[in-house]
Every structure is written in C-alpha cells, then in structure tokens.
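Chemist: Below you'll find the structure I mean.
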Amino acid sequence: MNDVISFSKRLIANIEQTIVGKQSSIEIAVIALLCQGHLLIEDVPGVGKTVMARSLARSLGGSFSRIQFTPDMLPSDVIGVSIYNQKDQTFEFKSGPIMANIVLTDEINRATPKTQSALLEAMEEHQVTVDGVTHPLPSPFMVLATQNPIEYEGTFPLPEAQLDRFLLRIKLGYPNPNDEIIMMKRQQYRHPLQDLEQVVSLEDLKKTQEAVKSVFVSPAVESYIVDLINQTRHHTEVLLGASPRGSLSLYRTGQARAAMLGRDYVLPDDIKTIAVSALSHRLILNPGARLRSLNSTDVVHQILKEVPVGGGEHKDPQSTRSN
C-alpha cells in the first residue's frame, strides 16, 4: 500500500496549496479518483468548487476540459456532433468537450434535463453515441461536477438516474476565519492555481487504481454495508432508498480509504466515514421529512447510529483470509 499512500499524499498536499482548511473534502475527492468514480461538488457560489476541480485536474496532468453549463446548452455541445463533409460526401464526427481525461462540468444544474442526460452514457459506460456510432472516451475518465443548491433561481434539479452515477458528493462549506485570512494572503498578488504543477502522472493513477482493488473486505464488513443499504430502503423518512450502486460505492470507497491509511483491509470505520458522501445524494425523502426540515444527510447519520456493526471478523483480517 506504500504506492497508494505516496500517491495520495502528493496529490492532497498539492491541492491544499489552493484550497485552505478543507482536507477532509480533498481526501474524499481523491478517494473518488482512486475508485474510478465521478464526484459531485455541491455548495453555494464562491466557496472554491471550481478551484478544487481545476486543482485536481492540474495535479494529474492529462487532457482537461471545462464545460460551463447554461440553460441554452444542447446535448451536442457536450458530446459532439456529426457534420456532413460535402467534399467526401461522408459524415465526420466532431468531438465535444466530453472527450478528455478530466472533465469539469461547471454549474451542471443550470442546464436543462435534456442536456444533463447527455452525460449519462459517458459517466456509466465511458463512451458516447452520436447518430448510432459509439465513440470511446479516454482512459482514465472522470467527471467533476459542481452545482449550486437547488433553491437558487435558474437551476434544474439533477434527475435521480444522474445523481446515482456520481460515486460521491461533497460540500465544502465556508472557511473558518483563520483559513479565510490565509486564503486572502495567498491571493494577494496572484491565484495559487496559476503556479500549481503536475505532481503525479496518469500512469501513476492507473497503477494506484489497480492497487486499491486488492484491498481485502471481510464478510463482516460486507454484511455491514448491505445492512446499511437495506436500512435506507426501509427507513420511515425515505421514499426511495439507495440502489445497488450504493452498495458498490461503499465497498469501493472503503477499499480506497483503507489503502490511503496504509491498510490492506477495510474496517467498519472506513465505511462510516465515507457513508454520508456515498449515500446522501442517492436517497429521496418523503414529503413529511421535507416538511420537518430533515435532509438526506440527517437520515444517513440516523441510519449509522441505528445499524449495529455485526460480528468481530474485521478485527482479525488475517484469520478470516486463512479460513
């Protein structure tokens, strides 16, 4: 796991040059990257959502594109379009900005649902289809989406199918006073993002992603994951619980967190730490919960308190593997 630790530390330290006081959020972003998943960054304007996405992309190198979503954007503006070549009398595919290793979709919920849906195939199958022809996306491929809270004017809530394709969701929040002073000083003459350098390569990323997959998950932890997911489906405040993607999300992110901490096995604490980011955006609450000002984050915290950690197998992973 030494390679995973080294990779993660270099990446996190580099991003912290531009984002002050948000180490836990940065760690979750790196976990999404190691799991080959997509990340949704949701918060009010001006707290550093776009800066975090750009910092992650610049730290990795590779191809990068930014899509500024607006209400008048069309699906072809995202995935590309076929143009008729009169000289050759054939259609040529002109790729859209989705054809990159790291794609920043800024203010994704300002686009109409039709345009938002253009990302579905790309995020799930790493390909796009235009006029019946399938075009593969570069590898690795990651979508970093930012969105403002849905209460803001001019926004369209992301459909459930789209939200479910994001591995994790984070909220940055406002900085504390000391961190805000540090931020102002760092940007006195120029933004730190302008001087941010690449610290890892795409090849390093691919190797690290493969190493994470070998982290051991005991039957006790697997059962704990399933119990958490089942509880979301039967909770009194939840109209629609987490899908099987939620189980996979907890499983994969648990492996990544364990590897980042130098372990080759997953503990229930890994699952608990990542559960809110992995599950809260997958739950649809019933109208009564919304009237009581409950949100999905509150419900996930309740579920973590209600579901016991079964068995003790996770305490001795070596003995479990030998059976």
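Residues are listed down the side, and each one gets a yes or a no for (1) under 30 Å from SER243 (Cα atoms); (2) in contact (Cβ under 8 Å) with a residue 24 or more places away in the chain; (3) assigned by TED's automatic domain parsing to the domain that holds SER296; (4) in contact with an Asp or Glu (Cβ under 9 Å, 6 or more places away or on another chain):
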| residue | (1), (2), (3), (4) |
| --- | --- |
| VAL128 | yes, yes, no, yes |
| GLU160 | yes, yes, no, no |
| PRO175 | no, yes, no, no |
| GLN187 | no, no, no, no |
| HIS191 | no, yes, no, no |
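Chemist: Here's a follow-up. So, of the residues in region 204-231 that are more than 13 Å from ILE271 (Cβ to Cβ) and assigned to a loop (DSSP other than H, G, I, E, B), which turns out to be nearest to the chain's Cα centre (by Cα)?
Modeler: Per the stated criteria, the residue is LYS213.
Chemist: What residue, of ARG54, ARG66, is surrounded by 14 or more Cβ atoms within 10 Å (Cβ to Cβ), basic (Lys, Arg) and assigned to a strand (DSSP E or B)?
Modeler: After ruling out the rest, the residue left standing is ARG66.
Chemist: Name the single residue that is nearest to LEU279 (Cα to Cα) among those in region 220-268 being in contact with a Cys (Cβ under 9 Å, 6 or more places away or on another chain) and of a type outside the set (A, V, I, L, M, F, W, C).
Modeler: Looking at residues that are in contact with a Cys (Cβ under 9 Å, 6 or more places away or on another chain) and of a type outside the set (A, V, I, L, M, F, W, C), I get SER249.
Chemist: What number of residues within region 19-51 are more than 27 Å from GLU160 (Cβ to Cβ), in a helix (DSSP H, G or I) and in contact with a Leu (Cβ under 7 Å, 6 or more places away or on another chain)?
Modeler: The total comes to 1.
Chemist: Where in region 236-323 are the helices (runs of 4 or more DSSP H), entirely inside, with at least 2 residues that are modelled with pLDDT of 90 or more and under 20 Å from ASP164 (Cα atoms)?
Modeler: Here the list reads 244-260, 268-279, 296-306.
Chemist: From (1) at pLDDT 85 or above; (2) touching a helix residue (DSSP H, G or I) at 6+ places or on another chain (Cβ under 6 Å), pick out the condition that doesn't hold for ALA57.
Modeler: Status for ALA57: all satisfied but (2).
Chemist: Under 6 Å by Cβ, and 6 or more places apart or on different chains, what pairs join a residue from region 220-243 that is over 13 Å from VAL307 (Cα atoms) and in contact (Cβ under 8 Å) with a residue 24 or more places away in the chain with one that is surrounded by 15 or more Cβ atoms within 10 Å (Cβ to Cβ) and polar (S, T, N, Q)?
Modeler: What qualifies is VAL238/THR232; GLY241/THR232; ALA242/THR232.
The values are calculated or read from the model by the stated rules, or taken from the named source; none is laboratory data. No experiment lies behind these values; they were computed from the predicted model shown. Positions of Cβ are generated from backbone atoms using ideal geometry, with glycine treated the same way; all protein chains shown enter the neighbour counts.
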